[in-house]
Amino acid sequence: MAREITRRDFLNGVAVAAGSLLPAAHAQRIDTNIFVPQPPPGHGPDPSAMEPLLARGITPQDPRYYPPALLGMRGSHPGSFEAAHAVRDAAFWKTAGNVRNTGEEYDLVVVGAGISGLSAAHFYRARAGAEARILILDNHDDFGGHAKRNEVHIGGRMLLMNGGTMSIDSPYPYSAVANGLLRSLGVDPPALSKECEDPGVYSSLGLRPGVFFDKETFGADRLAVGNPGGGYFNKGARPTVRDWERFLDGTPLSEDARKDIVRLETADADYMAGLTSAQKKDRLRRISYKDFLLRFVKVHPQVIAFYQTRTNGEWGVGIDAMPALDMWAFGMPGFQGMHLEPGVTPHMTYTAAGYYSTGGSYTFHYPDGNASIARLLVRDLIPEAMPGHTAKDIVTARANYARLDRPGSGVRIRLNSPVVRVRHLGDPATAKQVEIAYASGGKVHTVKAKGVVLACWNTMIPWICPSLPADQKEALGYLVKVPLVYTTVGLRDWTAFHRLGVSHVGAPGSYFTDVSLNSIVNIGDYRSPSSPDEPTLLHLTRTPCRPGLSMREQYIAGRMELFNTPFATFERNIRDQLGRMLAGGGFDPERDIEAIIVNRWSHGYGYEYDPLFDPDWPHDARPNVIGRKPFGRITIANSDSGATAYTDVAIDQAHRAVGQLLAGESAEAAGNHRATAARSFV
């Protein structure tokens, strides 16, 4: 338990001197106490170097610059948020010093190199022409926004995991715009899913889902294998009373709690008898699922603990903050005997209403999640930065970061450059240019552009663009993003899972509420581990909820928790939880854990309105709609603008923002033409 994870970039936020931890052949001295490893012959990038890149003088122009292979604290990593916090706290400009005018001028500057920002550049160039000059600025050390790539090398083998956005998936079918973008990149999700995903590998080895009951919440540590609930939208045979009894016999739950779970899952009871379906739905939308279970089903309190975190992965909060009606739509138990008529109501979340009414979009999971979509967009915009030609070879392509920001290139991506101010040069109604200031290398630099797309977090926009109308700034500030942690743990093998017979473990009372073996995807030259003796990656999820508060209050509290949690705390909980959960399979944290990446997203998923807490606004009065209004030569994109967290929404919002920007330019050009014609006539 005490062994250090040597391959990481931060411990308690302090750089680790890796020199004494690495073989001398793999290290090169940079200064008196910092070593940067060199790739072993015949292998890809060695992730043993864990110093922050820029702090060690390693810039994107250096061939050793390769953020996907960094371990330790990633996501909102140190160096990516400090300038933004200083701007928010009105402290940045007090010490910023002189502003340096780069002299650079562009047709478009995009703030944010996530999928929405990259899509905006794609759409703008498609309409404005290949000669358009575009600059994309981002505060992180890598492109992709939340679509981050985790690349871990164990035993000379490259293993991939999503560090953020997981899959091509949405509650609604992809729009013609979003689908068209994917197809233009060569991505055919149904075909890729059929050809490359192999979900049967784990079941063929006898592995099933399980639930870990921790002693702090349930009185004893116990791993129960089976979990007949099966997750959302379980379309298989409905589990019987006996199925549930067999599973629950292996849990530390009290006898009363077990009986109540069996009743909840299998009984055809109407807990609102005497009301019509419409009346039941109206009542269910006004109460949380937790309240429904306690007040109407009247379950034992331990039952609440068993189900509390079922919704964390979708909404970032537990069943205390989710409407009971949405849980009916999501296939949660308790409604099977209530005779609710099919169909959604206007008072449901975007996610629940979408999946229930449409069944959702096509799906496909790249080994690195939607980081591959971001990489394909970079290849489209700057081909020399991303070798290869297909939607399959993108998985093993190694990005050339030195090619992202080259003078003379039509499209440039400038990383490690948080934007600190965006303002029109003149009256927004008549200005010809926008000035964008960004921090880099301890200095502030400015560029100019004919137009700007702000594809960054909505809550940051009022601080960097303070001249926005007051009502628009208020609206932008309403959309609090969902905090979450996606953790990648590299294992030397997964024999402990094989011995225990589990592939995915829910842990409703633990620090990480979900632990699963990596998805099996074989695409291009990439092959997923298929034998328990091979190294693999685990995916662990944590959403720092504060049950009892409103959704927005929980998000704010969770964000502060993540900001104040050092890497050592995450590491300690990872080791403790996996050691206890997998003890029966012979798992040894000291021996078996090879690498840890904590993808900390203090500002994670886009905000989705919750009928329990948010007003029932008319569409045009919703904060996301008010917040995304064009402002002179500035438009706003990102999934925040669509009030949800899906990749197709990020793409659609980029398309809208670019359309608004170009429509404004077209209107100005038409006005200039009319004015010229009038002067000529006179």
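The values are calculated or read from the model by the stated rules, or taken from the named source; none is laboratory data. Source: prediction; values computed, not measured. When we count neighbours, we look across all protein chains shown, and the Cβ atoms used for this are built from the backbone with ideal geometry, even at glycine. The accessibility values were calculated without ligands, DNA or RNA, using every heavy atom of the protein model including side chains. Shrake-Rupley method; radii C 1.70, N 1.55, O 1.52, S 1.80 Å.
Would you be able to say whether some residue in the stretch 271-280 is at pLDDT 95 or above and more than 24 Å from ALA353 (Cβ to Cβ)? Spell out the reasoning first.
Filtering the stretch 271-280 down to residues at pLDDT 95 or above leaves 271-280.
Checking the rest, the ones that are also more than 24 Å from ALA353 (Cβ to Cβ) come to 273-274.
Yes, the stretch 271-280 has at least one match.
Quick one: in the stretch 271-286, which of the residues that are touching a residue at least 60 places away in the same chain (Cβ under 8 Å) and part of a loop (DSSP other than H, G, I, E, B) is surrounded by the fewest Cβ atoms within 10 Å (Cβ to Cβ)?
ARG286
Can you tell me which residue among LEU454, LEU537, LEU476, LEU484 is crowded, with 24+ Cβ neighbours inside 10 Å, within 28 Å of THR396 (Cα to Cα), in contact (Cβ under 8 Å) with a residue 24 or more places away in the chain and in contact with a helix residue (DSSP H, G or I) (Cβ under 9 Å, 6 or more places away or on another chain)?
Values: LEU454 fails: within 28 Å of THR396 (Cα to Cα); LEU537 fails: in contact with a helix residue (DSSP H, G or I) (Cβ under 9 Å, 6 or more places away or on another chain); LEU476 fails: within 28 Å of THR396 (Cα to Cα).
One residue alone meets the criteria, LEU484.
Of the residues VAL297, VAL344, which single one is in contact (Cβ under 8 Å) with a residue 12 or more places away in the chain, under 29 Å from ARG542 (Cβ atoms) and over 19 Å from the mean Cα position of the chain (by Cα)?
Just a single option satisfies the conditions, and that option is VAL297.
Against the conditions (1) out of contact with any helix residue (DSSP H, G or I) (no Cβ under 6 Å at 6 or more places or on another chain); (2) assigned to a loop (DSSP other than H, G, I, E, B), where does ALA147 fall short? Just the number, please.
Among (1) out of contact with any helix residue (DSSP H, G or I) (no Cβ under 6 Å at 6 or more places or on another chain); (2) assigned to a loop (DSSP other than H, G, I, E, B), ALA147 violates only (1).
Does LEU562 meet the test of being assigned to a strand (DSSP E or B), under 30 Å from PRO323 (Cα atoms), open to solvent by less than 10 Å² (accessible area, probe 1.4 Å) and not acidic (Asp, Glu)?
Values: assigned to a strand (DSSP E or B): no; under 30 Å from PRO323 (Cα atoms): yes; open to solvent by less than 10 Å² (accessible area, probe 1.4 Å): yes; not acidic (Asp, Glu): yes.
Spelling it out, it is not the case that LEU562 is assigned to a strand (DSSP E or B), under 30 Å from PRO323 (Cα atoms), open to solvent by less than 10 Å² (accessible area, probe 1.4 Å) and not acidic (Asp, Glu).
Working only within the stretch 593-629, note down all residues that are among the acidic types (Asp, Glu) and either without any contact (Cβ under 8 Å) to a residue 40 or more places away in the chain or surrounded by fewer than 20 Cβ atoms within 10 Å (Cβ to Cβ) (or both).
ASP610, ASP614, ASP616, ASP620
Can you work out which of the residues in the stretch 290-347 that are outside any loop (DSSP other than H, G, I, E, B) and among the polar types (S, T, N, Q) is most open to solvent (accessible area, probe 1.4 Å)?
Residues of the stretch 290-347 outside any loop (DSSP other than H, G, I, E, B): 290-297, 301-307, 312-315, 319-321, 323-329.
Imposing the further condition that a residue be among the polar types (S, T, N, Q) reduces the set to 302, 312.
Numbers: GLN302: 39, ASN312: 8 Å².
Taking the candidates together, the pick is GLN302.
If I filter the stretch 429-448 for residues that are assigned to a strand (DSSP E or B), open to solvent by 20 Å² or more (accessible area, probe 1.4 Å) and of a type in the set (Ser, Thr, Tyr), do I get at least one hit?
First, the residues of the stretch 429-448 that are assigned to a strand (DSSP E or B): 434-440, 443-448.
This time we only want the ones that are open to solvent by 20 Å² or more (accessible area, probe 1.4 Å), so: 435, 440, 443, 445, 448.
In the following step, the residues that additionally are of a type in the set (Ser, Thr, Tyr) were identified as 440.
Yes, that holds for at least one residue.
State the number of residues belonging to the stretch 566-592 that are out of contact with any Gly (no Cβ under 7 Å at 6 or more places or on another chain) and either open to solvent by less than 20 Å² (accessible area, probe 1.4 Å) or among the small types (Gly, Ala, Ser) (or both). If you could, list the steps in order and put the result at the bottom.
Going residue by residue through the stretch 566-592, those that are out of contact with any Gly (no Cβ under 7 Å at 6 or more places or on another chain) are 568-586, 588, 590-592.
Filter again for either open to solvent by less than 20 Å² (accessible area, probe 1.4 Å) or among the small types (Gly, Ala, Ser) (or both), leaving 568, 570-571, 574-575, 577-579, 581-586, 592.
Within the stretch 566-592, residues that are out of contact with any Gly (no Cβ under 7 Å at 6 or more places or on another chain) and either open to solvent by less than 20 Å² (accessible area, probe 1.4 Å) or among the small types (Gly, Ala, Ser) (or both) number 15.
Considering each of SER372, SER361 in turn, give the residue that is assigned to a loop (DSSP other than H, G, I, E, B), of a type in the set (Gly, Ala, Ser), under 30 Å from GLU151 (Cα atoms) and in contact with a Phe, Trp or Tyr (Cβ under 8 Å, 6 or more places away or on another chain). Break it down into steps so the answer makes sense when it comes.
Working: SER372 fails: assigned to a loop (DSSP other than H, G, I, E, B).
It is SER361.
Consider TYR307 carefully, then state whether it is within 24 Å of the chain's Cα centre (by Cα) and more than 27 Å from TRP601 (Cα to Cα).
Details: within 24 Å of the chain's Cα centre (by Cα): yes; more than 27 Å from TRP601 (Cα to Cα): no.
Criteria not met by TYR307.
Do you know which residues across the stretch 399-411 are of a type outside the set (Val, Ile, Thr), open to solvent by less than 30 Å² (accessible area, probe 1.4 Å) and more than 18 Å from PRO63 (Cα to Cα)?
Across the stretch 399-411, the qualifying residue is only SER409.
Kindly indicate the residue of the stretch 92-113 that is at pLDDT below 95 and of a type in the set (Gly, Ala, Ser) and also farthest from ASN638 (Cα to Cα) among those meeting that condition.
The residue in question is GLY97.
Here are the criteria: (1) open to solvent by less than 10 Å² (accessible area, probe 1.4 Å); (2) under 21 Å from the mean Cα position of the chain (by Cα). Tell me which single one ARG542 does not satisfy.
(1)
Is it true that ASP142 is surrounded by fewer than 23 Cβ atoms within 10 Å (Cβ to Cβ) and closer than 30 Å to GLN433 by Cα?
On the way: surrounded by fewer than 23 Cβ atoms within 10 Å (Cβ to Cβ): no; closer than 30 Å to GLN433 by Cα: yes.
Answer is no for this residue.
Table: residues versus (1) hydrophobic (A, V, I, L, M, F, W, C); (2) out of contact with any Asp or Glu (no Cβ under 7 Å at 6 or more places or on another chain).
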{"site": "ILE461", "(1), (2)": "yes, yes"}
{"site": "SER467", "(1), (2)": "no, yes"}
{"site": "GLN472", "(1), (2)": "no, yes"}
{"site": "TYR478", "(1), (2)": "no, yes"}
{"site": "TYR486", "(1), (2)": "no, yes"}
{"site": "THR495", "(1), (2)": "no, no"}
{"site": "SER503", "(1), (2)": "no, yes"}
{"site": "GLY506", "(1), (2)": "no, no"}
{"site": "GLY509", "(1), (2)": "no, no"}
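Could you tell me whether TRP463 is more than 30 Å from PRO535 (Cβ to Cβ), at pLDDT below 95 and touching a helix residue (DSSP H, G or I) at 6+ places or on another chain (Cβ under 7 Å)?
no
Among the residues of the stretch 88-131, how many are assigned to a loop (DSSP other than H, G, I, E, B) and buried (at least 24 other Cβ atoms within 10 Å of the Cβ)?
Filtering the stretch 88-131 for residues assigned to a loop (DSSP other than H, G, I, E, B) gives 89-91, 96-98, 112-113, 129-131.
From what is left, the residues that are buried (at least 24 other Cβ atoms within 10 Å of the Cβ) are 112-113.
Residues in the stretch 88-131 being assigned to a loop (DSSP other than H, G, I, E, B) and buried (at least 24 other Cβ atoms within 10 Å of the Cβ): 2 in total.
For the stretch 165-172, indicate whether the set of residues that are crowded, with 20+ Cβ neighbours inside 10 Å, in a helix (DSSP H, G or I) and among the hydrophobic types (A, V, I, L, M, F, W, C) is non-empty.
Looking through the stretch 165-172, none of the residues is crowded, with 20+ Cβ neighbours inside 10 Å, in a helix (DSSP H, G or I) and among the hydrophobic types (A, V, I, L, M, F, W, C).
Could you list all residues from the stretch 579-596 that are within 17 Å of GLY509 (Cα to Cα) and in contact with a helix residue (DSSP H, G or I) (Cβ under 6 Å, 6 or more places away or on another chain)? Full working, then the answer.
Initial filter on the stretch 579-596 (within 17 Å of GLY509 (Cα to Cα)): 579-582.
Listed by number, the residues that qualify are GLY579, LEU582.
Restricting the stretch 511-534 to residues that are within 21 Å of TYR307 (Cβ to Cβ) and among the β-branched types (Val, Ile, Thr), which is surrounded by the most Cβ atoms within 10 Å (Cβ to Cβ)?
Within the stretch 511-534, the first condition is being within 21 Å of TYR307 (Cβ to Cβ), and the residues that meet it are 511-516.
Then keep just the ones that are among the β-branched types (Val, Ile, Thr); that gives 513, 515.
Working: THR513: 22, VAL515: 26.
Top of the filtered list is VAL515.
Mind listing just one residue for me: the one in the stretch 44-68 that is outside any loop (DSSP other than H, G, I, E, B) and either at pLDDT 90 or above or of a type outside the set (Lys, Arg) (or both) and, of those, most open to solvent (accessible area, probe 1.4 Å)?
Kept after step one, since they are outside any loop (DSSP other than H, G, I, E, B), are these residues of the stretch 44-68: 54-56, 67-68.
Those still in the list that are either at pLDDT 90 or above or of a type outside the set (Lys, Arg) (or both) too: 54-55, 67-68.
Values: LEU54: 87, ALA55: 65, PRO67: 2, PRO68: 3 Å².
If we take residues in the stretch 44-68 being outside any loop (DSSP other than H, G, I, E, B) and either at pLDDT 90 or above or of a type outside the set (Lys, Arg) (or both), then LEU54 is most open to solvent (accessible area, probe 1.4 Å).
Any idea which residue in the stretch 242-270 is most open to solvent (accessible area, probe 1.4 Å), counting only those that are under 15 Å from GLN336 (Cα atoms) and part of a loop (DSSP other than H, G, I, E, B)?
ASP268
In the stretch 166-210, how many residues are more than 24 Å from the chain's Cα centre (by Cα), over 30 Å from PHE123 (Cα atoms) and of a type in the set (D, E, K, R)?
Count: 1.
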